[in-house]
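The values are calculated or read from the model by the stated rules, or taken from the named source; none is laboratory data. None of these values were measured; they are calculated from a predicted model. Ideal geometry is used to build each Cβ from the backbone, glycine not excepted, and the neighbour counts take in all protein chains shown.
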Amino acid sequence: MQPESYFSNARPEMLAFVPSQRRRVLEIGCGGGAFAQQLVKDCEYWGVELSASAAERARRVGLDTVLVGEFQNVANDVPDGYFDVIICNDVIEHVVAHEAFLNVVRSKLAIGGTLVGSIPNVRYVVNLLEVLVRRDWRYRDEGILDRTHVRFFTETSLRRTLDACGYDILDLRGINTFSAPELAVWKRWAAMLVSRLLGSDTRFRQFGFAARPRHDTRANVQA
């Protein structure tokens, strides 16, 4: 069973990636609607959620439509070419066929629509320290090495994946740095040193992005 934080994180840092002009929004992995509550008042808001109990909470906080199940299993119930914004916060890393997923998502966007999402950064310096210094790769209930993650990304591989799936990147940047107070002081100092040696991208636990389909690929969507 996943911890409650899986379904109740409001993710305010991702609001900056969401276009201000939006009429119809789909959030894949909407959880209990914590993120949606910050947006739901001014648009038609759909959600897809694997957990039935979390989906019910999302309905109660105001989502117009909530589909229960994995996206690939309910995609036929999601209208094509309909949404101005589709949100995938920490979703893609859970999807085995992630390129097929991104292609289907593209088919659900209206012309000019935007895909917004976040991805854990496998080059996050604390993760690198564990691999390089402790020689360990230990899965956990949450975080970079969440035991339910089946795909791992760096900034470079995320850019390549979005490009290969027919998206033009509007914005892609690091979010949530190692300066977070939950890190021990010695870890912060070690992280700072290593990040200077290995690159600024290692400072971030995640990357947030906004991307838009290229029009010349819209007719070639593959499920």
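Okay, here's what the table says:
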{"read-out": "In the range 107-118, residue surrounded by the fewest Cβ atoms within 10 Å (Cβ to Cβ) [restricted to those that are in contact with a Lys or Arg (Cβ under 9 Å, 6 or more places away or on another chain) and either among the aliphatic types (A, V, I, L, M) or within 16 Å of Arg160 (Cα to Cα) (or both)]", "value": "Ile111"}
{"read-out": "Positions within the range 162-197 being at pLDDT 95 or above and in a helix (DSSP H, G or I), in sequence order", "value": "Leu162, Asp163, Ala164"}
{"read-out": "Test: residue in the range 64-79 that is modelled with pLDDT under 95, surrounded by 14 or more Cβ atoms within 10 Å (Cβ to Cβ) and of a type in the set (A, V, I, L, M)", "value": "no"}
{"read-out": "Single residue of Ile92, Ile86, Ile119 found to be touching a His at 6+ places or on another chain (Cβ under 9 Å) and either of a type in the set (D, E, K, R) or modelled with pLDDT of 95 or more (or both)", "value": "Ile92"}
{"read-out": "Residue that is surrounded by the most Cβ atoms within 10 Å (Cβ to Cβ) [pool: residues in the range 40-62 that are more than 19 Å from Val91 (Cα to Cα) and of a type in the set (A, V, I, L, M, F, W, C)]", "value": "Val40"}
{"read-out": "Yes/no for Ile144 being surrounded by 20 or more Cβ atoms within 10 Å (Cβ to Cβ), at pLDDT below 95, under 20 Å from Gln206 (Cα atoms) and under 17 Å from the mean Cα position of the chain (by Cα)", "value": "yes"}
{"read-out": "Residues satisfying the stated conditions in the range 29-57, i.e. in contact with a Cys (Cβ under 9 Å, 6 or more places away or on another chain) and under 20 Å from Glu13 (Cα atoms)", "value": "Gly29, Ala36, Tyr45, Gly47"}
{"read-out": "Of all residues in the range 1-39 being at pLDDT 95 or above and of a type in the set (Asp, Glu), the one that is farthest from Gly117 (Cα to Cα)", "value": "Glu13"}
{"read-out": "Some residue of the range 212-223 being of a type outside the set (D, E, K, R), at pLDDT 90 or above and not in a loop (DSSP other than H, G, I, E, B)", "value": "yes"}
{"read-out": "Residues of the range 58-67 that turn out to be under 19 Å from the mean Cα position of the chain (by Cα) and more than 17 Å from Ala34 (Cβ to Cβ), as a count", "value": "1"}
{"read-out": "Residue tally, condition assigned to a loop (DSSP other than H, G, I, E, B) and either farther than 16 Å from Val126 by Cβ or of a type in the set (S, T, N, Q) (or both), over the range 142-157", "value": "5"}
